[in-house]
1. Of everything in segment 54-71, what is touching a Leu at 6+ places or on another chain (Cβ under 9 Å) and either among the hydrophobic types (A, V, I, L, M, F, W, C) or free of Cβ contacts under 8 Å to residues at least 24 places away in the same chain (or both)? Give them in sequence order.
2. Would you check which residues across segment 105-125 are surrounded by 22 or more Cβ atoms within 10 Å (Cβ to Cβ) and free of Cβ contacts under 8 Å to residues at least 60 places away in the same chain and list them?
3. Is it the case that some residue within segment 80-94 is at pLDDT below 95 and charged (D, E, K, R)?
4. Does Ala55 satisfy the criteria of being of a type in the set (A, V, I, L, M), crowded, with 18+ Cβ neighbours inside 10 Å and within 13 Å of the chain's Cα centre (by Cα)?
5. What is the number of the single condition among (1) modelled with pLDDT under 95; (2) more than 27 Å from Asp49 (Cβ to Cβ); (3) in contact with a helix residue (DSSP H, G or I) (Cβ under 7 Å, 6 or more places away or on another chain) that Val175 does not meet?
6. Kindly list the number of the only condition in (1) farther than 23 Å from Ser193 by Cβ; (2) at pLDDT 95 or above; (3) surrounded by 16 or more Cβ atoms within 10 Å (Cβ to Cβ) that fails for Gln12.
7. What are the residues in segment 43-73 that are in contact with a strand residue (DSSP E or B) (Cβ under 6 Å, 6 or more places away or on another chain) and under 25 Å from His117 (Cβ atoms), if any?
Amino acid sequence: MLAALLDLVLPQPCAGCGGTTAWCAACAAALARVALHPLGATRPDPAPDRFPRAAAAAAYSGPVRGALLAHKELGRLGLVQPLGRALAAAVACLDVPAGVVLVPVPSSAAVVRQRGHDHARRLAAAAARALADAGRAAAMLPLLAPARRVGDQAGLDARGRAANLAGAFRVARCVPPAGCVVVVDDVVTTGASLAEATRALAAAGIRVHGAATVAATVRWHGHGFPRTPVQ
């Protein structure tokens, strides 16, 4: 929260390119184009077991990467609206029906305290609003919670991340969602988090329609989902 307050009183570099304004016109335009022309299908190579059908709005690079890091790690909360529109565009690539329910990948309480906010939950809420504004009824429902403490993911390969996250999530709310469920997160790398979220929901009898992220790392393979713009 302190970083968000500092944004109001101290000049901040551009989150996308490091320029002299907090979010320059060029980076804003680049992120806006992502919402209009999302990347589409994404699948890690290799994909972990239970990895769902998934879509991403953009590659994890340039202004998109900068905006995601600034939002998550630096508390630049003013970026949540354009990032939410990008996430909504990825959700729309999955051909979701009206009433889609966005379920964010959970963070531990310690991580939320350290960052001062739950980045995935905030992005999911912003994406639900963007979808609703575009005429697609949507809701954010935080069904998942951490089931146990997990180790640091940094430096782990795909197999290591999958093992580290096995059994890490649980369904915290017993109320089944009324609409189709899409798991959402900021970035997909090896796919371990999305696969574990899908497993936990399926174990509770909740069918996952797919998964969507703002960005995907270089490990993804595209498969030509339709690219539906979110205005």
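The values are calculated or read from the model by the stated rules, or taken from the named source; none is laboratory data. Fair warning: this is a prediction, and the values are worked out from it, not measured in the lab. In this analysis, Cβ positions are derived from the backbone assuming ideal geometry, glycine residues included, and neighbour counts consider all displayed protein chains.
1. Looking only at segment 54-71, we keep the residues that are touching a Leu at 6+ places or on another chain (Cβ under 9 Å), and these are 54-60, 63-64, 67-68, 70-71.
Of everything in segment 54-71, those that are touching a Leu at 6+ places or on another chain (Cβ under 9 Å) and either among the hydrophobic types (A, V, I, L, M, F, W, C) or free of Cβ contacts under 8 Å to residues at least 24 places away in the same chain (or both) turn out to be Ala54, Ala55, Ala56, Ala57, Ala58, Ala59, Val64, Ala67, Leu68, Ala70.
2. none
3. Taking segment 80-94 first, the residues at pLDDT below 95 are none.
No: segment 80-94 contains no residue that is at pLDDT below 95 and charged (D, E, K, R).
4. Working: of a type in the set (A, V, I, L, M): yes; crowded, with 18+ Cβ neighbours inside 10 Å: yes; within 13 Å of the chain's Cα centre (by Cα): yes.
The answer is yes for Ala55.
5. Failing condition for Val175: (3).
6. (2)
7. Within segment 43-73, Ala54, Ala55, Ala56, Ala57, Ala58, Tyr60, Val64, Leu68 meet the criteria.
Listed here are the residues, each with its yes/no results for (1) among the hydroxyl-bearing types (Ser, Thr, Tyr); (2) in contact with a helix residue (DSSP H, G or I) (Cβ under 6 Å, 6 or more places away or on another chain); (3) under 24 Å from Ala47 (Cβ atoms); (4) at pLDDT 90 or above.
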{"site": "Ala137", "(1), (2), (3), (4)": "no, no, no, yes"}
{"site": "Arg149", "(1), (2), (3), (4)": "no, no, no, no"}
{"site": "Gly167", "(1), (2), (3), (4)": "no, no, yes, no"}
{"site": "Glu196", "(1), (2), (3), (4)": "no, yes, yes, yes"}
{"site": "Thr217", "(1), (2), (3), (4)": "yes, no, yes, yes"}
{"site": "Thr228", "(1), (2), (3), (4)": "yes, yes, yes, no"}
